[in-house]
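In what follows, a single structure is set out as structure tokens and then discussed.
The values are calculated or read from the model by the stated rules, or taken from the named source; none is laboratory data. Here the structure is a predicted model, which is why all the values come from computation and not from measurement. Note: ideal-geometry Cβ built from the backbone for every residue, glycine included; neighbour counts use all protein chains shown. These accessible areas exclude ligands, DNA and RNA; they are computed on the full protein's heavy atoms, side chains included. Shrake-Rupley method; radii C 1.70, N 1.55, O 1.52, S 1.80 Å.
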Amino acid sequence: MAHAKTSYVCLPCRASYKQPYDRERPRLCPRCAGPLIHAGSAFAAPRRRDTAAWRTLSVLLNAGVDFHKSCCGGPGYRPRTLREVRARLKYAERTGEPASRALVRYELP
């Protein structure tokens, strides 16, 4: 049985690759040979030259936020700008909520 394809990301190269998911096999970037980060099946990469979007993505992936499909078909809310990321990280710091949970909040209280 074939495995479903999912996205893996190389942050230094600003590249995304669709590959079959395999928990046992680490993935390496074909460009730099560095480790790829599993981003999920609902991931859509920003353009390579969109530096701000890649910075935002870097914060999300390093905080453990992924892009898997949910029951409604998509991954749910994910911040798209550094301003949204900063506001959610500040909220997490102030309230003690884990960053990974604060980053996916649609609205802040």
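Between Glu107 and Ser58, what's the calculated FRET efficiency when r is the beta-carbon distance and R0 is 22 Å? Round to 0.05.
Details: r = 23 Å, r/R0 = 1.06.
For Glu107 and Ser58, the calculated efficiency is 0.40.
Give me the Kirkwood hydrodynamic radius of region 15-109 in Å, from all C-alpha pairs, to one decimal place?
Final number for the Kirkwood radius of region 15-109 is 14.5 Å.
Quick check for you: with a 1.4 Å probe and neighbouring chains kept, what is the accessible area per residue of the chain, in Å²? Provide the component values of the computation, followed by the final result.
On the way: 7270 Å² over 109 residues.
In whole numbers, the chain has 67 Å² accessible per residue.
What does the helix-only formula give at 222 nm for the chain: each DSSP H stretch with n ≥ 4 adding -39500 (n - 2.57), the total divided by the residues, and the result rounded to the nearest 500 deg cm²/dmol?
On the way: 3 runs with 30 residues, N = 109.
Value at 222 nm, helices only, nearest 500: -8000 deg cm²/dmol.
Amide H to amide H, which residues 5 or more places from Ala39 or on other chains are under 5 Å from it, using H placed in the peptide plane?
Residues meeting the amide H criterion: Ser7, Tyr8, Val9.
Modelling each spin label as a point 7 Å along the Cα-to-Cβ direction, I'd like the Glu84/Ala15 distance in nm, to one decimal.
2.8
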